[in-house]
Every structure is written in structure tokens, then in C-alpha cells.
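Written below as C-alpha cells is the structure these notes are about.
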Amino acid sequence: MAQISVTVHERPYQVMCEDGQEEHVRKLAAYIDQRVREIAGKSGVPGPAGQVTESRLLVMAALMVADELGDAYDELEEIRRAPPKTVPDPATLKAADEARSAASAARAQLAEAEAALRTANLRQAEAEAARNASDADAERDRAALSATEQRATAAEQRAAEAEQRAAALEQRATGAEQRVAATEENARAAEARVTELSNTARMAQAAANQAEAALQAAARRLAESETLVQEAERERATMRATLASLSAQSAAGEAEDEALAAGLEALAQQIDDMAARVERSAARQ
């Protein structure tokens, strides 16, 4: 047995045949393909069709070949029933041979069509099973896709929350940076204030030193003034004694009035000088 590949309506089929019949089977397949194409052209089904349409086309082609085979059988039966001729007609003999050949070809085509129909039905059943399995896989895929979408939605929500937390952290970091900048500015201001206070303290210390020196000078001048006051007191005491003496002398006689007046003038001059020294001492203080 030989195995060949034939094509019917643009679909390949693997068929078995006797050795040496390969070309004959290919011609039969070409004949069936021609019939299927004619039917497909009339029914408006171009190119390879689905399993159901392909089966129908093959059934219709098988029916057409069976109809041709029936016609050939009828013609052969008419020839057999015809009165025998003494001399066979060559045309009749040729027609009978062609009818027998056509009948054989039709039987082979019908067998091939039935095999193709069984193959198509088997493929249709396989397609149905595959479609059912595909539907189950699609349902699982839809469930997995739904779960994946839910996880993606949850992940997006977590990402949004993380972004919000990051934004809040950035805001707090910005506030902290601003507070740090303000603290640094306050520290610089405090440092400047400390420097200013240090300068002020040094100036105050210098002023205190100057004030202490001035106080010491004033104390010395005060001591000098007290000395002058004491001298003035002594001079006043001396002047009082002199006045008392002059008063005693004035009682002794009028003759000495001029001498008393001169003494009084000298005493007044001394008082004026002493008052001038006291004023100068007070002015220096």
C-alpha cells in the first residue's frame, strides 16, 4: 500500500492506495476538488471553509458524484438491455468502457468522499472538544485576569498611598529645613548679638576704667579741697581772732581807727582770695 497526499478545496488529506494507483487517485482527487470548487463557487464559499461548511461541501460533492455514477449505471443498464447486435458498434463499446471507467471512478470518488466526510466529522468533534477546552481555559484566564486586575488595583492604591506619604514626608522635610534655616539665622543673629554685647562690655569696661580713674582723680581733688577748706577754716579762725583783737584795740581809742580799717581791708582781701581758691577747687571737681 502507498500513501499519498491529495488536496481538496485547498485542504490536504493523507489517503492510502494500492501501489501503482497513485496517479489514478490523484486524478480522482482532482476531479472531486473540481466538483467541490464548483459547489463552493455556486454557494459563495471562497477558499477553505470551517469544519461544518467543509463537510457539507464534501457531502454535496459526494452526492453529485453518486448522481453521475447513477447516470452511468443507468446508461450501462440500458446498453445491457438493448437487443444484441451481430456487429458491436465501436462507439457503443467505447461508451460502455467509458461508462464503466466513470462508474469505477465514481465509486472511488464516493469512497474518498465518505472517508473525507468521516475525517471532517472527526475533525469537527475534535474542534468542538478543543473549543470546549478553550472555553474552560478562557474562563480560567478571565478569572486569573480579574484577580490580576484586582491585585493591580490594590497595588495602584498602595502606590497612591505611598506617594501621599512621600509627599507628606517631603512637606515635613521642607518644614524641618525651613526651621533649621531659621534656627541657623537665629544662631547667627545671637552670635552677632553676643559679639555686639562683647564689644559693648569691652567699651563698658573701658568706660568703667575711665570712670574709676576719674573717680580717683576726683577723690584726690576732693582731698585737696578738704585740705584747702581746713586751711580756710584755720584762716577764718585766725581772722576771727584778729577781728577780736582789732575789736579790743578799737575800744582803746579812736586813734587807731585808721590802722583798724587797714587791717579790716587786708582781712577782707584774704577772705576774697580764700573764696576764689575754694571756687577754683570746686570747679575742678
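The values are calculated or read from the model by the stated rules, or taken from the named source; none is laboratory data. Treat the numbers as computed from the prediction; the structure is a model and nothing was measured. As a convention, Cβ positions derive from the backbone with ideal geometry for all residues, glycine included, and neighbour counts pool all protein chains shown.
Odds and ends about this structure:
- From Gln270, Gln249, residue being of a type outside the set (Ser, Thr, Tyr), surrounded by 12 or more Cβ atoms within 10 Å (Cβ to Cβ) and at pLDDT 75 or above: Gln270
- Of all the listed residues (Ala181, Ala232, Ala244, Ala213), the sole one being within 30 Å of Ala266 (Cα to Cα) and loosely packed, with under 11 Cβ neighbours inside 10 Å is Ala244.
- Set Thr238, Thr242, Thr195: member being in a helix (DSSP H, G or I) and under 60 Å from the mean Cα position of the chain (by Cα): Thr195
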